[in-house]
Structure formats: C-alpha cells, structure tokens
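S.K.: Provided herewith is a single structure, encoded as structure tokens, for subsequent inquiry.
The values are calculated or read from the model by the stated rules, or taken from the named source; none is laboratory data. The structure displayed is predicted, hence computed values, not measured ones. Every residue, glycine among them, receives a Cβ derived from its backbone with ideal geometry; neighbour counts consider all protein chains shown.
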C-alpha cells in the first residue's frame, strides 16, 4: 500500500508535459470544447456554407472551427439547410434565403448585424446577417462569444451596430521593429521580410481585431518616418493590407509632415506651397495605387519635435486640410492629433491643446478628425477629461486612449483599463445640450457628425501572448468593445473576457472580475493618488521619480506637476492659478475651480492644497496621501491572494506567469509607495500616520536607482 | 452523387484548423508518436526513476515525456526494475544497480556516458550511465535521438565523451534586447523582468543545448557593456544560471575592459595597475557570490573600437592574464578573442590576428584560451582556415564559428553551415606533426592541452522558431554535434536532424539532406565565388555592394578585398603581394603562394588573377566567374523544386514558411548575381559567356538601393 502510494506520487511527478504549454497566444478566441454546447437542438446542427467573398470565406472558417471546437466534433457543412438547427450567415446579396427574410437590416448600417432565430421551410434555423459581408463577420464573432460565455439564448433576436465609425489601433511601431512604449517585444510587423513573407500572425491579428469590431490599423508610429511612404514600404504595407482586408481592417499610415523635403527633395513643406501640395497629391494618388482602400493619415505635428505647419507660420488646420484635400477623392481621412505642447510655451501644459485648437474650430475640412487624448496631459493613471471634448462641436473629435501601459506599470502590473476608459467616456462635458457626455461627443451623436472615431494606442508585440501579459489582453479587448459601444459597462466586458479567455467557472469568474475591476484604482493609489500625475522616471517612465526637477523643459519635470512645498502640494489650476479650469464648460469649471467641489480623486490636479487640509475622511491631506499609498500596496497584496486561490482553476502556464507578475507588481507598488513617501515627507516634514511603516530605504537610495535599459523608450 | 462530391469538397475546405499550427518551437526535440516504437520488447517498458539531483530529475522528465510521446502512451515509472525492458539512468553514486554494473565508465570522463543493454536479475534492461549526472543527461538525449531517428539497435553498447571541453554559444545580445547580427527577433533574455520572471523558454533553451552537448552560454555581446557586471545585472544572470544549471549549461559573461573606469570610478584600466587588478579581483569574487559555478569571461579587446590593454601600451597577454589570475581561484577561465584589426594598420587585414598574437605564444596564463575565428577575416561564405591554427602550440586555441548567418543571407536563405564548419575543422595545418588538422588543434589533442573549446555565435532569438527560419535550427544543432565530436560528418548530422525535426520518410530525408548539403556552396556561388569575400552592403551587410570604396577605413570597403581592375581581380597575398601565405606552415604556404597550386575555390582570396587566366574548366576566369554566379542562382532554383516536391510530407505551417523563404532566396540570389556581374563587367569590359543573361537592371540601379532598417545591425 505504501509502495503503491509512492508510485502514484512518482507518476504524478512525471505527468506529461503537453506538447505546448498554454501560452496565451489564442487570446479570447478560444474554442475548446464546452460541456454545455450545443445548448439546444435549435442551434448549429449544421453550417450553411457561403464563400461568396474572401470575408464570407473567413466567416465560414471561423464558425466551422469555432463551433466545431466548442461542440467537440465537426459541424456538418451544407449548401442548403437540411434539418432543424441550421446556421446561415451572409447578406441579402450573398444568400437568397437571407434575402427572403424580413430582418430589419436597414437599422444596422454598413457594419452592423442581426442575429435571429427564424423558421425556414418549417425548420428552426439561426441567421447571422449584415448588409455587408463584414457585418456578417462581426455577427459571427458575436454568436461565437455567446457560445463561449454560455449566454446563447433559445430565441435569438440581436441587433447591433457600431456607434463610432472609425475603431482604430494606433501602433507606435518603428520600421526597425522597435515599439515605442511597447512592452510586449518587437513589432509584429516584420517589415524586412514583407511583402514576400506573410506571417500567419498577421491573420490572427486581423481575426482578433475583427472579433471586437476594430476596423482599422495605423501601422506606423506617430513619431513618423518618411521612409514608410517610399515605394518599397508602400509595397510592404499593401501586402499587409491584403491580409487584413477580408477581416474588415483597413490600413492607415502616419504622415511625416516634412516628407516633401525628405523624400521629394523640395525646399519646404509649407502646406500652402503649391509644390508641396502637388507632392502630397501625387504621393497620395500613388498610395491608392498600392492600397485601393487605404484609410488615410494619422498626423502628429508640431509636438515633441515633430515637424508641422507651424514651422511655416501656418496652423494645424492648414496642415490637416492640405492632406485632406488630396485624400478626399479617394475617401481617405486625416486624423490630426491635438497632443501638442510647445518647447517655448510658458503656459500650463494642461492648457495647451485647448489653447491651440479652439481657435481652429470650424476651419477643418470635412474629412478631418481631431484626435484628442482622454485627458489634458498624457495618459496618466487618472486625469480629468480633456476640455476639448464639448468645446468644438463643429469638429469631429476622435478619442485617443492608450492601451499600452506606459504610465500604469508596463506589462507586469495588472491594471484593467476599461474603468479608466469608461470614466472618461461617461464624463459629462457640462454643455447646455442634453446627454453631453464625452462618449456622445466622440460618437458624433451629440453634434450629428457622420465621421467619428476612437483610437487605442496598441499594446501588441511579438511576445507569444501578444500583449506582454495575459491580463493586458483584456485592455485590447475592452478597447474594441467600447469603441463599438461606449455604453457597455467595464464590468460586463471584464466578465465576458474572463469567460472567453480563462473559464466559465463562477468560482473563478467572480473573484477575478472583482480583482480586475479594482486594479486600476490600485495603480492610482500606489503611483499618483488624489489627482497627482507625472511622477515617473525620466525617459523610460519606469518607476517613481517625483524628485526630478532639473530637466531642460519645465514640463518634463515631475516637480512641475506636483509642486510640493513646505505648505502643501498640487498644481493650482483654478482662477487664482493657471485657470485651466476655465477651459471647461461653466458648470464643470465651477466645480473644478472650487477645491471644496472638486472630486477628491482630482484634488491635486486642480489645486495646490495645504498638507493640513481636512479631507472628507477627517484626515489631513498628508495623512490621506500616505493612506492612499498604503492602500494601493494593500490592494495588490489582496490581488495576489485572490489569484493564488485560483490555482487549479486555470492552466499552469498562464497561472505561473500571472503569479510572477503580481509578485513583481507588489514589489514595485511598495517601491512607488516608499519612494514617493520618502520624497514627499522630506518636504511636508510631517510624521507618518500611526500604523504606516516608514520607507524601507532612504530617499537617496531611491534617487540612486538607474534603469538604462527599461523597455519601450521613445 | 454530384451533390455528395460537392459536400466533400466543402468539408475539406472547412477542415479544422489545429489549435496551434506547427511553428517550429519544438526544434529537434520532437516526441510525436513513432509507429516503429518501441522497437523491441527489450526497450523502455518502464522507467526506473531517480531524482537524486535536479539534473537527474530533468533526465527523468525528458525520458518520461519523450518516450511516452514516442510510444503514444505513458511509460510506467518505477523505483526498481519490475519486468524485462526497464530503462535505468544515473551514475554509480545515484544508483546501486548502476554501481553494481561493470560499464567501463572510467573511459568517458566527467561528461561522457555509456548506453548499454544489460541483464539485471535475469531480466533484460538498458542503462544510461555517466560519471556525473550531466553525463547521464547527455546519454538520455542520445538514447532519445536513437528512437527519434529509428536507429535504436537491439543490443546497445555506446560509449561517448566530448572531444572539446568548452562547447559554448556566444550570444551577441545587448541589454536592451537587440541582438547584434541577430535575425530571429529580440534577445530571448528578458533582462528587464529578470530575476523575478523566469520565462519557461529559458528551460527549453537549456534542454536544446543539453541535447547536443552545449555546456556553456556567454549571455552578453562581445561588444560589451559594463552594466552587465553591476549587482542588479549579476542578480539577473544568477537567476538565469539557476535555470540552466540542471542542464549542465554554465553561464559566462563578456568583460568590458574599461569597466574599472566606468563602474569603479578608477582613472585607468591599465592591467598592470594594482588598483585595476584589485578592482577586477573584487568584482570577480563578487560574481562568484552570485553564481558559484560562473564559467568566466569572453573578451573582445582593442578591436573595432573596444577598449583593451593596448590603450595602456600593454599587450593582449597582459590583459588576459590579469583577468585569469582573479578567475583562477574559482576555476574560471578567460576566452580572449584574436579577432583584432587596428584602424591604423596598413597591413593586409587577413594578416593582423596572426601578427598580433604569434609574438604572445607561451605568454598566456594556464586558464586562458585564445578564441580564433575559423578564417582570417570574418565569417565569409568561404575563407581559408586561420593561420593561427597550428602556429601557437603552447596556447589553447578555441574555435569561433558563426552560427548566425551575418554573411550568408540572414534568416531567409537556406544555408546549412556544417559543411563550412567541417571544411575548417578538416583542414590540414601542415605542421610536421601527424594528423595536424585544425580539429585536432582545437580539441587540444595535437598539443595535449587539457583546456579546449569551440564557440558558436548564436542564431537564437525570440522568434517562435528560435532561429528565424526552420532550417537555421540545423546550424545550431550541427554546431553542438561538431563541438562534441568534430569527426562526425556534416551529412550524417544533416540526416539525423532532418529525421528528428521533420520526418523519417526516406522520400523526404534523402532529397532534403541533399538540398542542405549543397546549400552553402550555392551561397558561395551567388555571393562570393572563387575566393572572393566581403562584397556585402555596408553596415547591415545585407545584399551586394562590391562597388563600395569610399568608407573611411580601407578594410571596410569591398573594393579593398576584390581589387578588381582592368587586368584582373583578386587580392595578391602571395610573396609578391601581402605575403599572408607566409603565415601558414611551409607546406600549406607553398600551395597557397602558387596560383597554380591554390585551390580554385580560394584562388581570388590569395591571388590577383588576369580576367583571361585559364581555369581548369578551360574557361577564362571572367567566364568562370559568371558561370559560378549563374550556377548559384540555378542551385537555388533547384532547391525550390526539391522543396515544392515535399508538399504533403511535412506540416503546412513549416512547409509554407520554407517555401516563402526559398522564394526570397531565389530573388536575392538573382540580385547578388546581377549586381555583382553588372559591377565586375563595368571593370572587366568583357562580354558575358554565351547563354548567360545580362543583369535585369543597370549598375546604377543596384547602387541606388538602400536598406536603412535591415535587421541585426551592430
């Protein structure tokens, strides 16, 4: 008996290694067998085939492999429904059967879809239909999601259409493969081997994008390189476009404003110069010869050293409109970024985008969107919404979120960003019009813009798991879902994603979703609580460095942002300060201008407040600040416990990496907390509240740390 | 009937996508079910377990998963043999049963092994035994290889020991993740997340190395960075060492010679300065506190801008011996590279290593090896062997091969390098002593050196398939096998690798091995035939640029090497020229000095020869040169046909990538051929031989091509 027990132990020790450990490559597109599938005799007994187009062929492949995998057996593929439970997909044009149904497709526009339980020839069937092939594709992924999450109802009647027209990933990928602010390895674009080698990964990228409704990809960095517009690189981009096209993903590029000089040999890039205009027109015509459905340009101009129209005493509208005019005949668009701050400006950096762009209201061509970051500075763990939202009703304003976690712990910190996105989208701009949320500005619904869009700075790289960590996949996923419908709740998205990506086991879903939902606030607490911002290390942005105050440009210094002194801390942006609050609508401005009405989680963003200021908790500001830092670390500790309790409910490969990363996160949260407290205490000269431990090291120790090879540098 | 046929077609179109397409991650360690396994009742009916050490635990895991996979069913794991066909592994110390057998282990040294069919208690059994755990590990991989290649004999009696002591990969990997001359993505070392996150890939790297006998890894680039010697990075290296240790792979680092200045704040790095010596001693003692079995340093000094002892008027031996003295108490070694060429030198570059190092013969400390590239210049498609081999009998000379294909087409050209390695190892140095091949110099057998070694510059990166292409895995494999035994034939290694990596099907093995065996000569033909060298593009080394002659250092220019003029082509290195031939032993020198005795495949390396020189074929040199270029392109065309005929005998994933890369190779072979012929014809002014097509473009076109983002730059 004893001997047998030992052998059992030995056998367990030698348990088979699977051919490939689970590594996260499949994202949320997991079609492993579901015990509950098929849910009823009505569903998916057979698949009615169509390959009328490359897109419909892709729909067929996805449904056949997805449903076959989920059912644990191949789904019969037929030309005509032959029994109850047939699944049809397509458009009225691709299928006479679909054309014969009254589905109300006029409601769903060019990209929406209907999923409906119907009766065909007396037999129950399910139809996934769009007005276009790509509508059917989106519907197919919706249908698969229902099966994956065990949410497939008996009688289906789903109608969906995207609320923003452009749902784009922005890749800050350089032509040499480096990804600026990328924490998931090199760029997935292998420019050197393109156009000859089409990595199968490109197809999987397109599948993932389509599954969440993303319909465009800006392939190149906003810090642009004119080389991407040369024939050799256009040929490469065209090859990529060919892979992405069946999945409804259009290709966009970034336009370096000085390209007419660098590539064209012109003496100027002045947007009003006829030679420059002719050069761009010819270049754009050339691009469309390579990529007939090219989407257009994303432009960063006159910001952080990038060339732009101001180099020639022209304004942003002059620059954008020149490109827009040449793109218009091809139905191309310009996304002109509002992320600007001038090296010479003495004004509060938070005010500069609004100050530069508001005067241009009404002056942009019809096919121009102004792309605005969610907050006034730069993707901090928490910012108020940008005052541009609501301030330029005549101009389509595109939302720019950052999916990659430049300021929220790179790949190793677990921070689910949908609550951050949601907070920005749900913010009320305070305009007189009803329902004037940022979301309704961005969708164009508030101001009746036909053109609308949401961009996410991608967190995608060549790492096997795409995003550098398993939970960062959720941020890619959530971005797509919110771009399609900004009213879906971050909680619902988290649950959906967890079920698709990990498990439908309620004992797993509930605590893990809860952990995700609190994770962004944990980061805020241990990095930049109470409205603080921009306290990170110089250049690489890794780790805390609130003491930095000697960089050449004032607004590069953390000290510029926190303004801690013997009296207090915070940036006074009320009327007595920079009056950045005055850029908001009167109702919002009134709240932000008054420290008593400012939400405490933005207090130090808008106000310089005494260390002894009494907070709603009854604590002084100093004590409250320390309490937040402590709470942040404590939350991460709790996240670790939550995850460790899931051992056995998730595969060993992903479990181990998440565990290791959470350990890193706890270590780094402690480092952030300790370094910030050590520094702020050297200024506040106040004791730590009772029960709060002193920092582990001296302030000098934290200042001495150097990270020359931290990833993702600009 | 017609309807049924259509459905069959449809079903085929929707064939399941496997969860993961075959992507090459498993290298040659493939344990898929073999129909012929087990080959007889004598073999592997059960596995007698031992986990007396982490290494033996690894042996057990590898045998259990390997044999279980190959058999298609788990192998019973037991503590004692219980039936005929038991497989035992270990050492006389780990196993009383092994200790009781008379295996002749005294013959196999510390790393060798015996695999023997024996009788234990009247039952047939197989024993894999070494004097050390790692010996047993090497034996286990040998045993698995026999099963994988269907070469397991009924009665086994295998004795093997490595012929070189140090069998090392040199990673030219920077701390920021860039791999110099790497064509397989970023570095696999994720320095930023070390020591906290131990990527499972590190273990698979160690398994792959151990499977071919590689016992050391230089983690960092020879163009060294002192930061790798700081405590933070030593902690990271120690974490890696912990993963590699059970697999017998020791960790080495590169030492930046100026580290005492950069890290220690000293004013000098003079190797005879007492402060410098004390700094290195303390640093080395510190390293051993982190990594108790640290292997030692690889040093590139006074070469291509790297600091070194000559900066202080000391010589290479002074520098090497200083480090060696501090390493000796820990049994560490120094590998001092002979790859030197001075910016000021006016001498033939091919002569410089010999000229600098020969005077130092006998002056190196006991624990120093001088690491010599196979040829006198720099890893060209063909070079003669370096004249240092055979010239320094008192000094252990370590071979440095380049596995990464810096000069042989990066990742996309199929070039099996074992014939290149073999050609160098088999070369006769011509010394008076018998059997004086380069191989026997390198193994130390010729000069009775206990210390010996072979280094390969790794072709490994984060690409899923490790090496950037499937066939480049064979070069990693072959390097390891030749380092273990330089007498194994390149053909035998190719066959072994093909069987393990792809298929045992003779219809696949024979043509694919033949294709591999001819592939390096194809590259020689379309890039640098007849002894030409160094004709590639500047900096990135991508593509042809024989016309370049304006770089600041003469020996950076292709024109320096080919010396084509109106009369002829080639570098005169005989007595009337640079007399580089005089660096070889008299017998070899006599052959190389005389154009009539020089092998034609090295003719232009050693001689400037008239365009009208009559070759053995009867053709003029000019016609012969063009014929070689044509032949190279033709061979690649033939390789494509060979591969296309294998469709269906190999998985679709790897088949497609190899196909695509061969198409790139043909395109680039044509480009090399056309550009070189266009250029050389502009000098030779001779017509192309009948039947040879003119270049597709003008010489100016080829000169105009620019590749600013070609991968792998230094």
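S.K.: Residues of region A:621-637 being under 27 Å from the mean Cα position of the chain (by Cα) and touching a residue at least 40 places away in the same chain (Cβ under 8 Å), which ones?
M.R.: A:628, A:629, A:631, A:632, A:633, A:635, A:636
S.K.: Tell me, yes or no, whether region A:20-41 has at least one residue that is in a helix (DSSP H, G or I), within 8 Å of chain B (Cβ to nearest Cβ) and modelled with pLDDT under 95. Give the steps one after another, and end with the answer.
M.R.: Filtering region A:20-41 for residues in a helix (DSSP H, G or I) gives none.
Within region A:20-41, not a single residue is in a helix (DSSP H, G or I), within 8 Å of chain B (Cβ to nearest Cβ) and modelled with pLDDT under 95.
S.K.: Also: What pairs can you find where one residue is in region A:193-204 and at the interface with chain B (Cβ under 10 Å from one of its Cβ atoms), the other is surrounded by fewer than 17 Cβ atoms within 10 Å (Cβ to Cβ) and at pLDDT below 95, and their Cβ atoms are less than 7 Å apart, with a gap of 6+ or different chains?
M.R.: Matching pairs, first to second residue: A:200/B:21.
S.K.: Still on this model: Kindly check whether there is at least one residue in region A:340-352 that is under 20 Å from residue A:256 (Cα atoms), buried (at least 18 other Cβ atoms within 10 Å of the Cβ) and in contact with a helix residue (DSSP H, G or I) (Cβ under 7 Å, 6 or more places away or on another chain). Give the steps one after another, and end with the answer.
M.R.: Applying the first criterion (under 20 Å from residue A:256 (Cα atoms)) to region A:340-352 yields A:340-343.
Still in the running and buried (at least 18 other Cβ atoms within 10 Å of the Cβ): A:340-341.
With the extra rule that they be in contact with a helix residue (DSSP H, G or I) (Cβ under 7 Å, 6 or more places away or on another chain), the set shrinks to A:340-341.
Yes: region A:340-352 contains one or more residues that are under 20 Å from residue A:256 (Cα atoms), buried (at least 18 other Cβ atoms within 10 Å of the Cβ) and in contact with a helix residue (DSSP H, G or I) (Cβ under 7 Å, 6 or more places away or on another chain).
S.K.: Quick check on my filter: what residues within region A:114-126 are in contact (Cβ under 8 Å) with a residue 40 or more places away in the chain, over 21 Å from residue A:215 (Cα atoms) and either in contact with a helix residue (DSSP H, G or I) (Cβ under 8 Å, 6 or more places away or on another chain) or within 14 Å of another protein chain (Cβ to nearest Cβ) (or both)?
M.R.: A:126
S.K.: Sticking with this structure for a sec: Given B:159, B:179, which one is in contact with a strand residue (DSSP E or B) (Cβ under 6 Å, 6 or more places away or on another chain), more than 10 Å from chain A (Cβ to nearest Cβ) and surrounded by fewer than 19 Cβ atoms within 10 Å (Cβ to Cβ)?
M.R.: B:159
S.K.: If you don't mind, another one. Give the residues of region B:166-187 that are touching a residue at least 40 places away in the same chain (Cβ under 8 Å), on the phi < 0 side of the Ramachandran plot and more than 17 Å from the chain's Cα centre (by Cα), sorted by residue number.
M.R.: Across region B:166-187, the qualifying residues are B:174, B:175, B:186.
S.K.: Residues B:468, B:456: which one is in contact with a helix residue (DSSP H, G or I) (Cβ under 8 Å, 6 or more places away or on another chain) and in contact (Cβ under 8 Å) with a residue 60 or more places away in the chain?
M.R.: Values: B:468 fails: in contact with a helix residue (DSSP H, G or I) (Cβ under 8 Å, 6 or more places away or on another chain).
After applying the criteria, what remains is B:456.
S.K.: Would you pick out the residues in region A:639-676 that are away from chain B (no Cβ under 14 Å) and either farther than 20 Å from residue A:509 by Cβ or touching a residue at least 24 places away in the same chain (Cβ under 8 Å) (or both)?
M.R.: Here is the first cut: in region A:639-676, the ones away from chain B (no Cβ under 14 Å) are A:639, A:641-650, A:672-676.
The answer is A:639, A:642, A:643, A:645, A:646, A:649, A:650, A:672, A:673, A:674, A:675, A:676.
S.K.: Just wondering, is there one or more residues in region A:603-620 that are within 25 Å of the chain's Cα centre (by Cα), closer than 30 Å to residue A:576 by Cβ and either more than 14 Å from every other protein chain (Cβ to nearest Cβ) or surrounded by fewer than 20 Cβ atoms within 10 Å (Cβ to Cβ) (or both)? Break it down into steps so the answer makes sense when it comes.
M.R.: Going through region A:603-620, the residues within 25 Å of the chain's Cα centre (by Cα) turn out to be A:605.
Narrowing further to those that are closer than 30 Å to residue A:576 by Cβ: A:605.
When the remaining residues are screened for being either more than 14 Å from every other protein chain (Cβ to nearest Cβ) or surrounded by fewer than 20 Cβ atoms within 10 Å (Cβ to Cβ) (or both), the result is A:605.
Scanning region A:603-620, I find at least one residue that is within 25 Å of the chain's Cα centre (by Cα), closer than 30 Å to residue A:576 by Cβ and either more than 14 Å from every other protein chain (Cβ to nearest Cβ) or surrounded by fewer than 20 Cβ atoms within 10 Å (Cβ to Cβ) (or both), so the answer is yes.
S.K.: Just need a number here: residues in region B:402-422 that are outside any loop (DSSP other than H, G, I, E, B) and either without any contact (Cβ under 8 Å) to a residue 24 or more places away in the chain or surrounded by 24 or more Cβ atoms within 10 Å (Cβ to Cβ) (or both). Quick ask: steps written out before the conclusion?
M.R.: At the first step, the residues of region B:402-422 found to be outside any loop (DSSP other than H, G, I, E, B) are B:402, B:418-422.
Now restrict to residues that are either without any contact (Cβ under 8 Å) to a residue 24 or more places away in the chain or surrounded by 24 or more Cβ atoms within 10 Å (Cβ to Cβ) (or both): B:402, B:418, B:420-421.
Residues that pass the stated criteria total 4.
For every residue, the table says whether it meets (1) buried (at least 22 other Cβ atoms within 10 Å of the Cβ); (2) touching a strand residue (DSSP E or B) at 6+ places or on another chain (Cβ under 8 Å).
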{"residue": "B:483", "(1), (2)": "yes, yes"}
{"residue": "B:512", "(1), (2)": "yes, no"}
{"residue": "B:518", "(1), (2)": "no, no"}
{"residue": "B:540", "(1), (2)": "no, no"}
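S.K.: Could you tell me which residue of region A:69-113 is surrounded by the fewest Cβ atoms within 10 Å (Cβ to Cβ), considering only residues that are free of Cβ contacts under 8 Å to residues at least 24 places away in the same chain and within 14 Å of chain B (Cβ to nearest Cβ)?
M.R.: Here the residue is A:73.
S.K.: Which residue pairs have Cβ atoms under 9 Å apart, sit 6 or more places apart or on different chains, and have a first residue in region B:129-155 that is without any contact (Cβ under 8 Å) to a residue 12 or more places away in the chain and a second that is in a helix (DSSP H, G or I)?
M.R.: Once the first residue is without any contact (Cβ under 8 Å) to a residue 12 or more places away in the chain and sits in region B:129-155, its partners that are in a helix (DSSP H, G or I) give B:151/B:145; B:151/B:496; B:151/B:499; B:153/B:146.
S.K.: Right, something else. Within region A:437-451, work out how many residues are in a loop (DSSP other than H, G, I, E, B) and either touching a strand residue (DSSP E or B) at 6+ places or on another chain (Cβ under 7 Å) or at positive phi (or both). Reasoning before the result, please.
M.R.: Just the residues of region A:437-451 that are in a loop (DSSP other than H, G, I, E, B), to begin with: A:443-451.
Going one step further and asking which of them are either touching a strand residue (DSSP E or B) at 6+ places or on another chain (Cβ under 7 Å) or at positive phi (or both), we end up with A:444, A:448, A:451.
Result for region A:437-451: 3.
S.K.: Here are the criteria: (1) within 14 Å of chain A (Cβ to nearest Cβ); (2) part of a loop (DSSP other than H, G, I, E, B); (3) surrounded by 17 or more Cβ atoms within 10 Å (Cβ to Cβ). Tell me which single one residue B:695 does not satisfy.
M.R.: (1) is the only condition that residue B:695 fails.
S.K.: For region A:201-208, state whether one or more residues are at pLDDT 95 or above, more than 30 Å from residue B:701 (Cα to Cα) and surrounded by 24 or more Cβ atoms within 10 Å (Cβ to Cβ).
M.R.: From region A:201-208, those at pLDDT 95 or above are A:201-208; that's our starting set.
Those left that are additionally more than 30 Å from residue B:701 (Cα to Cα): A:201-208.
In the following step, the residues that additionally are surrounded by 24 or more Cβ atoms within 10 Å (Cβ to Cβ) were identified as A:205.
Yes, that holds for at least one residue.
S.K.: Does any residue of region A:262-278 turn out to be over 30 Å from the mean Cα position of the chain (by Cα), buried (at least 24 other Cβ atoms within 10 Å of the Cβ) and either over 16 Å from residue A:324 (Cα atoms) or touching a residue at least 40 places away in the same chain (Cβ under 8 Å) (or both)?
M.R.: Narrowing region A:262-278 to residues over 30 Å from the mean Cα position of the chain (by Cα): A:262-278.
Checking which are buried (at least 24 other Cβ atoms within 10 Å of the Cβ) leaves us with A:269, A:271.
Narrowing the set further to residues that are either over 16 Å from residue A:324 (Cα atoms) or touching a residue at least 40 places away in the same chain (Cβ under 8 Å) (or both) leaves A:269, A:271.
Checked region A:262-278: at least one residue is over 30 Å from the mean Cα position of the chain (by Cα), buried (at least 24 other Cβ atoms within 10 Å of the Cβ) and either over 16 Å from residue A:324 (Cα atoms) or touching a residue at least 40 places away in the same chain (Cβ under 8 Å) (or both).
S.K.: Restricting attention to region A:668-681, does a residue exist that is in contact with a helix residue (DSSP H, G or I) (Cβ under 6 Å, 6 or more places away or on another chain) and assigned to a loop (DSSP other than H, G, I, E, B)?
M.R.: There is no residue in region A:668-681 that is in contact with a helix residue (DSSP H, G or I) (Cβ under 6 Å, 6 or more places away or on another chain) and assigned to a loop (DSSP other than H, G, I, E, B).
S.K.: Taking region A:42-63 only, how many residues are at the interface with another protein chain (Cβ under 10 Å from one of its Cβ atoms) and modelled with pLDDT of 95 or more? Walk me through it before giving the result.
M.R.: Within region A:42-63, the subset at the interface with another protein chain (Cβ under 10 Å from one of its Cβ atoms) is A:47, A:49, A:51, A:57, A:60-63.
Checking which are modelled with pLDDT of 95 or more leaves us with A:47, A:57, A:60-63.
Here the count works out to 6.
S.K.: Out of (1) within 30 Å of residue B:548 (Cβ to Cβ); (2) within 27 Å of the chain's Cα centre (by Cα); (3) crowded, with 16+ Cβ neighbours inside 10 Å, what's the single condition that is false for residue B:667?
M.R.: Going through (1) within 30 Å of residue B:548 (Cβ to Cβ); (2) within 27 Å of the chain's Cα centre (by Cα); (3) crowded, with 16+ Cβ neighbours inside 10 Å one by one, residue B:667 breaks only (3).
S.K.: Just one of (1) crowded, with 24+ Cβ neighbours inside 10 Å; (2) within 22 Å of residue B:182 (Cβ to Cβ) trips up residue B:378, so point out which.
M.R.: (1)
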